[in-house]
Structures are given as C-alpha cells and as structure tokens.
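Below is one structure; the comments refer to it alone.
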Amino acid sequence: MQSWNPYCVSAFQIGHCLLPRLLASKMDDALKKAAEGRRYAISLSSLDYSGDLSSKLMAFSDKMEKCFKSLQDLRSRKVGDEKQYAKFLAVIDEKVMWYEKAEAYWVGPVLMCIYHQ
C-alpha cells in the first residue's frame with residue numbers, strides 16, 4: 001500500500017485524495033445552484049412575459065437535485081469507479097454553464113426590472 005502524499009501525485013492518491021474534494025465541491029455547487037434556480041423560477045412564474053424560462057429553471061433545479069442524490073448514493077455505497085462519478089459531474093458542469101448564462105442574460109435583468117418598479 002502506498003503512503004499518503006499531501007501533493008497527491010500518484011493515480012491511487014488522486015483517486016483517493018482529490019476526487020473526494022472535487023466531489024464535495026461539485027455536490028455543494030449543485031445544491032446551491034438548484035436552490036437559486038428554484039427561487040428564481042418561483043419569482044418569475046407569475047410574470048406573463050417570463051415565457052418558458054420559469055419552467056426551464058425548475059427543470060434545471062430538478063436535474064441538479066437528481067445529480068446530487070445520485071452522487072450521494074455513489075459516495076455512500078463507496079463506489080470506486082470514477083467513471084460513474086464523472087458522468088454526473090459532467091452533467092453538473094454542463095447544466096451550471098447553462099444556468100449561469102440564463103442568470104446573466106435573463107433572470108437577473110428581469111428580476112431587477114420587477115424589484116425596481
């Protein structure tokens with residue numbers, strides 16, 4: 001068995017050192033973004049001109065929560081196959097990128113107009 005190295009230089013140590021940190025960070029981000037998205041969706045749902053943005057934000061939140069639960073399940077079962085984690089982490093990255101664009105271009109300006117009337 002290899003000894004622990006604070007710099008995580010071997011493949012063994014990367015899997016057992018960096019993955020848990022990355023996983024915890026991504027899971028935390030997924031839950032935070034899901035809550036923000038749901039909050040925005042609820043705020044926008046009563047507006048006639050919000051279009052389908054509210055429903056897309058709600059779908060985003062649902063997807064983030066499902067990814068979180070799936071990663072939580074993998075972690076609790078101590079699954080060692082990084083590919084199983086990677087597919088959920090990739091979905092989180094993709095959806096968060098969409099969310100950040102939606103937040104910057106649509107959600108923020110719309111809510112700003114509402115609250116400053």
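Sequence-distant or interchain residues sharing an amide H contact under 5 Å with Val79, placed H: which?
Those lying under 5 Å, H to H, from Val79: there are none.
Rounded to whole Hz and in sequence order, give me ³J(HN,Hα) for the range 54-64 from the Karplus expression 6.51 cos²θ - 1.76 cosθ + 1.60, θ = phi - 60°, writing x for Gly and Pro.
Residue by residue, the range 54-64 yields 4, 5, 5, 5, 5, 5, 4, 4, 4, 5, 5 Hz.
Report the FRET efficiency, 1/(1 + (r/R0)^6), for Lys87 and Arg21, where r is their Cβ-Cβ distance and R0 is 22 Å, rounded to 0.05. Let's see the in-between values first.
Numbers: r = 19 Å, r/R0 = 0.86.
Calculated transfer efficiency: 0.70.
List, in order, the whole-Hz ³J(HN,Hα) value for each residue of the range 74-87 obtained from phi through the Karplus relation with A = 6.51, B = -1.76, C = 1.60 and θ = phi - 60°; use x for Gly and Pro.
After applying 6.51 cos²θ - 1.76 cosθ + 1.60, I find 4, 5, 5, 7, 6, 5, x, 7, 5, 5, 5, 6, 4, 5 Hz.
Each value in this text was obtained by applying a stated rule to the coordinates, not by laboratory testing. A quick note: this is a predicted structure, and the numbers were derived from the prediction, not measured. So basically every Cβ, Gly included, is an ideal-geometry build from the backbone, and we count neighbours across all protein chains shown.
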